[in-house]
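**Student:** Let me give you the structure first, and then I'll get to my questions.
The values are calculated or read from the model by the stated rules, or taken from the named source; none is laboratory data. Quick caveat, the model's predicted, so the values are computed rather than measured. Methodologically, a virtual Cβ is constructed for each residue, glycine included, from the backbone with ideal geometry; neighbour enumeration extends over all protein chains shown. Heavy atoms of the whole protein, side chains included, go into the accessibility calculation; ligands, DNA and RNA do not. Shrake-Rupley method; radii C 1.70, N 1.55, O 1.52, S 1.80 Å.
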Amino acid sequence: MTSGDGKASRKPAPPGTPCEPTSFISFLSRTLAEANRFIVGQLRQRGLSELVPSHGDVLTHLFAHEPVTMQELAHAINRDPSTVTALVRKLACAGYVRTAKAADDKRVTEVSLTEKGAGLRRDFAAISAKLLETQMQGIDGSDFDTACGVLARMQGNFAKALEADAEEGR
């Protein structure tokens, strides 16, 4: 559908619909906050209250790939290296991971799971399954596919805009 000026338009959202184009990013943020609250609750139920959702990316990556360098880990979980350093430091203090200098290059720090960290695999699998089950309640496959497609296009729009902004700033 197009408006009189040739721009794409859409039908107005039904009354009470919490999501409008002008508040969509806020709606996504609130959805993520609810998911994180859910994860925190699941962690607490398992006696893992020292962990927070942001530790999940680090631990999940290490379950599949270890040891990894801090740089590899930052790239794999799409986080700033300083953020990864803080996350790994907290996990190391809690006894879930260890860091060591690489044997072939002492400038490089490698991260690996401790026995305690490796012991989290079952808990993380159970929490992930419960999260997925909760996330998908009342949502059929085609609705989910549509949502993912739309979000992927939006993400691409922001990536292009950031790229253009960076080029203008040069």
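**Student:** Within 10 Å, count the other beta carbons around each residue, average over each peptide in 101-113, 120-132, and list them highest first.
**Tutor:** Order by mean packing, descending: 120-132, 101-113.
**Student:** How about region 11-93: which GluC sites (Glu not before Pro) there lie in a loop by DSSP and see at most 14 other Cβ atoms within 10 Å?
**Tutor:** Those satisfying the criteria are Glu50.
**Student:** Only Cα pairs within less than 10 Å get springs; with that Gaussian network setup on the chain, which residue of Asn157, Asn36, Asn78 has the largest fluctuation?
**Tutor:** Checking each option, the largest mean-square fluctuation is seen for Asn157.
**Student:** Still on this model: Between Ser54 and Arg107, what FRET efficiency comes out of the Förster formula 1/(1 + (r/R0)^6) with R0 = 22 Å and r the beta carbon distance, rounded to 0.05?
**Tutor:** Values: r = 26 Å, r/R0 = 1.18.
It comes to 0.25.
**Student:** On to the next question. Is any helix in the chain, taking whole DSSP H runs, at least 15 angstrom long along its axis by alpha carbon and on average at least 1.6 on the Kyte-Doolittle scale, and which ones?
**Tutor:** For the chain, where a helix must reach 15 Å along its axis and average at least 1.6, there are no hits.
**Student:** Another question, then. From the residues Gly169, Val84, Val108, which one has its Cα farthest along the dipole of region 79-170 in the positive direction, the dipole being from +1 and -1 charges on Cβ of Lys/Arg and Asp/Glu about the Cα centre?
**Tutor:** Ranked along the dipole, the leading option is Val108.
**Student:** Tell me the label-point distance for the pair Arg37, Lys160, using the 7 Å Cα-to-Cβ offset, in nm and rounded to one decimal.
**Tutor:** 3.6 nm
**Student:** Of Ile39, Gln135, Thr22, whose Cα points farthest to the positive end of the dipole of the chain (charges on the beta-carbon: +1 Lys, Arg; -1 Asp, Glu; origin at the Cα centre)?
**Tutor:** It is Ile39, whose Cα lies furthest towards the positive end.
**Student:** Taking the Cα centre of the chain as origin, sum charge times position over the Cβ atoms of Lys and Arg (+1) and Asp and Glu (-1), and report the length of that vector in debye to the nearest 20.
**Tutor:** That gives the chain a dipole magnitude of about 520 debye.
**Student:** For region 93-170, just list the percent of Cα-Cα distances falling in each 10 Å bin from zero outward, please.
**Tutor:** Taking all Cα pairs of region 93-170, the binned fractions are 14, 19, 19, 33, 14, 0 percent.
**Student:** Using only the Cα atoms of region 17-170, what are the Rg and Dmax in Å?
**Tutor:** Just the Cα atoms of region 17-170 yield Rg and Dmax of 18.5, 57 Å.
**Student:** Would you mind getting the accessible area per residue of the chain, heavy atoms of the protein chains only, 1.4 Å probe, in Å²? Kindly include the intermediate steps, with their values, before the conclusion.
**Tutor:** Values: 11880 Å² over 170 residues.
With all protein chains present, the chain gives 70 Å² per residue.
**Student:** Ok, one more. Given the -39500 (n - 2.57) contribution per DSSP H run of 4+ residues, what per-residue ellipticity at 222 nm results for the chain, rounded to the nearest 500 deg cm²/dmol?
**Tutor:** Helix contribution divided over all residues of the chain: -19500 deg cm²/dmol.
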